[in-house]
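Taking it in order: structure first as structure tokens, then the write-up.
Any read-out appearing in this document is the output of simple, stated calculations on the displayed coordinates, not a laboratory observation. All values derive from a computational prediction rather than experimental measurement. All Cβ positions, even for glycine, are placed from backbone atoms using ideal geometry, and neighbour counts span all protein chains on display.
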Amino acid sequence: MQVILTLIFYFLMGLIHNLGHPVTPTLVYNLGIGENYFGIFFAMMSLGLAIGSPIFGILGDSFKKKYLIIIGLLLYSIGQFGFAYFENETAMIFFRLLSGFGVSAAITLLLTHLICNSSKATKARNIAYSAALASIGASISYKIGGSLGDYIINEVFYLQAGLNILFALLIFFTLKEKAVEKLEVKKPTIIDGFKNIRKLNPTLLIFLISLTLISTGAIIISKFLEVYIIAQGYTSKDLGDFVFFTGLVALFTNVVIVPLVIKLKKNMAVMIVIQLLSAIVIFSVFRSNDIIKSLYSLFMIYMVFKALFTPLEQDYISNQANENNYSTIMGIRQLFFSIGMVIGPLIAGYIYDFDKLLVFDFSVLMFILGAILLSIVSLVSHGKIKIKNGN
């Protein structure tokens, strides 16, 4: 029952937490503060994610996950409301940071809760289903948010904040945790979350660095494609319709393709091939003479690869953890993922002002570098390369 509930939570999280995304570019444009602030705002939210994920991860292995998730969601609501209410760049940066910190609790601990309630045989499949439901929720949310954006902007964030509070209440009354043996541990500090990186084996650390590079490339495409579409004269509704379609592709991938790929038991090889093919596809898409036709055709191949990669990498990382440190390991995973979400928009914001096409070429480079590091991980796991463990 908890697995089904958690999957529903993923759908609701995708639905609620993406309402503001299609109207954010318009909000920035309306304030007249420069396109680079779009990247700065997103980077600050990602920085909050990077800071919060290891902290909530460690806390989640010591305290009730439910209460930590609720606290995080309430902080996220405050952040979303403040971001739209205070039309001042400094205040908006602070509230972006707060939103990212708050939402890191749900992102990290719901995944841990799902893994803890799944058997070894169903874990990868359930992760794929969670990604599928989050994607379809996000796609519907983009469509709703984009449509609302033709009439209201700031109010979309207020609506999001209110719905998120209701979501927190739902979790309070329905999420039940497994009874586990309580360990006597000292109360974690902020530094504890980052110190755990030193305890990782070198192979996992290389994998996580590759994840940072890949998330850098992916988030640049995701966020600057939004800006690029709006800059070409299309509306928030057009953006919402496009993202809704990508969500359907992701849903199909996670429900149909991922289970078939998992049966091959060649996850690492598949992840390497995914990054190399993603680089080729993205390089080709933005050299098309008809960008919209290319986005609705060739770009969807990239969306299949992206949707396929996420459950495979999460399954790989979760296999490096045990019942006593699932939250910690997944929190560190989210930290490395979020670092890419921080540096990607910041770097891309300045590249975009210089050359819009070069932004997407930079993503291509990130995918190739990520594939190289994944290849090293594969070689190490097959005994072709040996790495000394410094711990």
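Here are a few things to note about the model shown:
- Packing, as the average of other Cβ atoms within 10 Å across residues, places the peptides 362-369, 226-233, 99-106 in the order 99-106, 362-369, 226-233, highest first.
- Across the chain, the relative contact order, built from alpha-carbon pairs under 8 Å that are at least six residues apart, equals 30 percent.
- Modelled FRET efficiency - R0 51 Å, Leu357 with Phe173, Cβ distances, 0.05 increments: 0.55
- Considering the chain at the alpha-carbon level, its Rg and Dmax are found to be 19.9, 62 Å.
- The peptide list 378-384, 351-357, 15-21, 163-169, put in order of mean Cβ contacts within 10 Å with the highest first, becomes 15-21, 163-169, 351-357, 378-384.
- In terms of its C-alpha gyration tensor, segment 122-170 has an oblate overall shape, because the principal axis ratio a/c (a ≥ b ≥ c, square roots of the eigenvalues) is not below 1.5 and a/b does not outweigh b/c.
- Reported to the nearest whole Å, the Cα centre-to-centre distance from segment 88-112 to segment 259-286 is 30.
- Flagged links, alpha-carbon separation over 24 Å, of Lys120/Lys263; Lys293/Lys356; Lys123/Lys178; Lys66/Lys265; Lys178/Lys265; Lys176/Lys265: Lys66/Lys265; Lys178/Lys265; Lys176/Lys265
- Against the empirical 2.2 N^0.38 Å (N residues), segment 240-386 has a Cα radius of gyration ratio of 1.15.
- Size of segment 8-131 as Cα extents on the principal axes (Å, biggest first): 52, 27, 19
- Estimated at 0.36 nm per residue, the fully extended path between Tyr158 and Tyr67 surpasses their Cα-Cα distance by 30.4 nm.
- Within segment 230-322, the trypsin sites (Lys or Arg not before Pro) that combine a DSSP coil assignment with at most 16 other C-beta atoms in a 10 angstrom radius are Lys265, Lys266, Arg287.
- When each of the peptides 126-137, 204-215 is scored by the mean number of other C-beta atoms lying within 10 Å of its residues, the order from highest to lowest reads 126-137, 204-215.
- Diffusion coefficient, µm² s⁻¹, Stokes-Einstein with Kirkwood Rh over alpha-carbon pairs of segment 332-391 at 4 °C and 1.567 mPa s: 94
- Compactness ratio for segment 203-245: Cα radius of gyration over 2.2 N^0.38 Å (N = residue count) comes to 1.59.
- Ranked list, fewest to most other Cβ atoms within 10 Å of each Cβ, for Val273, Val28: Val273, Val28
- Translational diffusion coefficient (Stokes-Einstein; Kirkwood radius from C-alpha pairs) of segment 213-314 at 4 °C, 1.567 mPa s, in µm²/s: 90
- Mean projected area of the Cα convex hull of segment 59-158, taken over all directions, amounts to 7.5 nm².
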